[in-house]
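Notes for the one structure printed next.
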Amino acid sequence: MSRAQDERRAAFQRYKEDVQQRGKQFHPYAMFHDTVMSLVVVSVIVGLACIWYFTAENVGEGASKPGWLGVLYEDKADPGTTSFVPRPDWYFYFLFYLLRIFKWPDTVVLGTVGIPTILLIIGLALPFLDRRMERRPLRRPVAMITLVLTAIAMGVLTYKGATAEEAGAGAIQKVPVWMQKFNLPQNARAGAEIFAESACLNCHVYDDEGSSQLGAPELTEEGTRNRGIPWQIAHLKCPSCETPGSPMPPFGNFPEDTLRQLAIFLEASKGESDGG
């Protein structure tokens, strides 16, 4: 073994002993590591942005062909669409699925505020609760167990949120069944199809299809309330105006004909009591 190797090993051993006794200085050691890591992260983001921009092909106004990382832009949003199903970005899938678990009005605050806030407080408190100098993962069971359980929970919730099917998916196939089962008039078919395609069943239930959210009423027998088509149209345009405190979003951007068709369907929905 050469003398130079002995000197390097001795210097490294002195360095390890010095770090163990006095710690590592923030400047320049920790600052250098943080700077290098920041440059790596920024470089990755810039690289992905360049790949996204230069691999997508512009094919004219309103659309582009997808590249390696998706399209540059798509057609303008249609506020009157009846087929679009809104979903969050992938990094919010865990919250998206928490809302499916805590879907009752009195527990929604747990899924949206309570649980994320508790996890954030635990993460911020960990460095103050475990202040030992030990850095080996196996010697820090509390921190490691918390980290592993959090990662597993986030992973499972993200996966479940990504693969979850929307309530009422495929409900358009139920329209003929509704027409026959509830003896709906033919002029209600168009409204029934709009109702099935417009994600109404994400919050409402109709003939055991869908999922009740935020206290949204069951609509199978909505017509028995005899509210009238004008009231239904006004309610669709501004739910909170007709029903104070209603969390239902307004559908004022829908064309007037679409609102009328929905209103006809709702007024014709009187359950099996009027069925043939």
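The values are calculated or read from the model by the stated rules, or taken from the named source; none is laboratory data. Predicted model only: the values in this text are computed from it and were never measured. Cβ: placed from backbone, ideal geometry, glycine included. Neighbour counts: every protein chain shown.
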Q.
Tell me yes or no: at least one residue of region 204-215 is surrounded by 14 or more Cβ atoms within 10 Å (Cβ to Cβ) and assigned to a helix (DSSP H, G or I).
A. no
Q) Say we look at region 225-276 and pick out the residues that are among the polar types (S, T, N, Q) and surrounded by fewer than 15 Cβ atoms within 10 Å (Cβ to Cβ); which of these is nearest to Glu197 (Cα to Cα)? A) Asn253
**Q.** Output for region 216-242, where each listed residue is in a loop (DSSP other than H, G, I, E, B) and at pLDDT 85 or above
**A.** Pro217, Leu219, Thr220, Glu221, Asn226, Arg227, Gly228, Cys238
Q | Check on Ala49, outside the structural domain of Glu134 (by TED's automatic domain parsing) and under 49 Å from the mean Cα position of the chain (by Cα) | A | yes
Q.
Regarding region 140-161, can at least one residue be identified that is part of a loop (DSSP other than H, G, I, E, B) and more than 25 Å from Pro116 (Cβ to Cβ)?
A. no
Q: Scan (1) touching a Phe, Trp or Tyr at 6+ places or on another chain (Cβ under 9 Å); (2) not in a loop (DSSP other than H, G, I, E, B) for the single condition Gln180 breaks and write down its number.
A: (1)
